1. So, of the residues in the range 33-47 that are part of a strand (DSSP E or B) and over 8 Å from V75 (Cβ atoms), which turns out to be least open to solvent (accessible area, probe 1.4 Å)?
2. Give me the pairs, please: first residue somewhere in the range 67-83 and more than 22 Å from F55 (Cβ to Cβ) and touching a residue at least 12 places away in the same chain (Cβ under 8 Å), second residue anywhere and of a type outside the set (D, E) and open to solvent by less than 70 Å² (accessible area, probe 1.4 Å), beta-carbon distance under 9 Å, and either six or more positions apart or on two chains.
3. Give me the pairs, please: first residue somewhere in the range 86-111 and in contact (Cβ under 8 Å) with a residue 40 or more places away in the chain and open to solvent by 10 Å² or more (accessible area, probe 1.4 Å), second residue anywhere and of a type in the set (K, R) and part of a strand (DSSP E or B), beta-carbon distance under 9 Å, and either six or more positions apart or on two chains.
4. Just to verify a result, which residue in the range 79-111, among those that are within 15 Å of the chain's Cα centre (by Cα) and part of a loop (DSSP other than H, G, I, E, B), is nearest to T62 (Cα to Cα)?
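The values are calculated or read from the model by the stated rules, or taken from the named source; none is laboratory data. Please read these numbers as outputs of a predicted model, since none were measured by experiment. Every residue, glycine as well, gets a Cβ built from its backbone with ideal geometry; the counts of neighbours run over all protein chains shown. The accessibility values were calculated without ligands, DNA or RNA, using every heavy atom of the protein model including side chains. Shrake-Rupley method; radii C 1.70, N 1.55, O 1.52, S 1.80 Å.
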Amino acid sequence: MVPFKPTLAVALLVIASCPVRAESGVAAFYRGGITASGEITGPAGLTAAHRTLPFGTRVLVTNVRNGKTVIVRIVDRGPFNRGRIIDVSRAAARELDMIDSGTTMVSVERQ
């Protein structure tokens, strides 16, 4: 009798069903406006845009250069610039101390 060996399809299914909890990359900030979720945002809210996370998801964004953190809510799609993983509101950028640089390396962790 041959012991059960998982196939590639089963292995991929298991991997695909496990949500990604953290990712690292470049963040930028934006002014706000009408979002893909239909919400109208301004520069004072702690919101963000992400390509794949569901609307309403809260994520912890950490500026890896200085250790500052902020929790934001995903309300929009993007960023669409290559190499960026998240766009945060101006208020979140202020909390992360990235206003002057415009972009920074961050870690994004789903809460």
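1. Step one: list which residues in the range 33-47 are part of a strand (DSSP E or B), which gives 33-34, 40-41, 47.
Applying the additional criterion that residues be over 8 Å from V75 (Cβ atoms) yields 33-34, 40.
Numbers: G33: 25, I34: 139, I40: 131 Å².
By that ranking, first place goes to G33.
2. Between residues of the range 67-83 that are more than 22 Å from F55 (Cβ to Cβ) and touching a residue at least 12 places away in the same chain (Cβ under 8 Å) and residues that are of a type outside the set (D, E) and open to solvent by less than 70 Å² (accessible area, probe 1.4 Å), the close pairs are K68/T62; K68/L96; K68/M98; G83/G25; G83/V26.
3. Listed pairs, sorted by first residue: T103/R84; R110/R58; Q111/R58.
4. Q111
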